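Visitor: Mind looking over this structure? Questions follow.
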Amino acid sequence: MFAYIQPLGLLVLSNIFMTTAWYWHLKYKGVPIMTVILISWGLAFFEYCMAVPANRMGSAVYSVAQLKTAQEVITLIVFTGFSTFYLGQAPSWNTAIGFCLIAAGAYFIFKS
């Protein structure tokens, strides 16, 4: 069971770092862009340190399509939380419906 959960846990952590790297600066528009880029690169380094092992370990128990799908669903969940709690922009009903449709697609990819 650990072999199935560990890659997903690492993907969650990697997505937290990547979402932060991409969007943290939107609250700090006065920070010079080169500073933003350097900080974001630093955050992205840690994202890669988790995503690469997650995919390598995950490929032992998931197909590549399942790994990519899990990555996208996790990205949407992490992004929604980040957007809501950090940026103060909760998803609209249309966004929620769109995310649900993506989750429905994920269901079919994981369905045996």
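The values are calculated or read from the model by the stated rules, or taken from the named source; none is laboratory data. Every value quoted in this text rests on a predicted model; they were computed, and no experiment measured them. Counting neighbours? That spans all protein chains shown, and the Cβs are built from the backbone with ideal geometry, glycine included. For accessibility, only protein heavy atoms count, side chains too; no ligands or nucleic acids. Shrake-Rupley method; radii C 1.70, N 1.55, O 1.52, S 1.80 Å.
Visitor: Taking a probe of 1.4 angstrom, what is the accessible area of residue 38 in Å², to the nearest 10?
Guide: Solvent-accessible area, nearest 10 Å²: 110 Å².
Visitor: On the full set of protein chains, 1.4 Å probe, figure out the accessible area of residue 34 and give it in Å² to the nearest 10.
Guide: Accessible surface of residue 34 is approximately 120 Å².
Visitor: Could you please state how large a percent of the accessible area of the chain is carbon and sulfur, counting protein chains only and using a 1.4 Å probe?
Guide: That share works out to 74 percent.
Visitor: Another one. I need the calculated FRET efficiency for the pair residue 49 and residue 93, taking r as the beta carbon distance and R₀ as 30 Å, to the nearest 0.05.
Guide: E between residue 49 and residue 93, to the nearest 0.05, is 0.25.
Visitor: Give me the one-decimal nm value for the distance between modelled label points at residue 29 and residue 109, 7 Å along each residue's Cα-to-Cβ direction.
Guide: Output for this residue pair reads 3.4 nm.
Visitor: Match the structure shown to one of the listed values [x] 50, 35, 18; [y] 39, 30, 20; [z] 48, 34, 28 of Cα extents along the principal axes in Å, computed from it, and give that label.
Guide: For Cα extents along the principal axes in Å, the calculated option is [x].
Visitor: Ok, one more. Excluding ligands and nucleic acids, what accessible area in Å² is computed for residue 102 using a 1.4 Å probe, to the nearest 10?
Guide: 80
Visitor: Follow-up. Which of these, 91, 53, 32, has the largest mean-square fluctuation under a Gaussian network model of the chain (Cα springs below 10 Å)?
Guide: 32
Visitor: Can you tell me the orientation of helix 93-110 relative to the chain, as the angle in degrees between its alpha-carbon axis and the longest Cα principal axis, to the nearest 10?
Guide: 30
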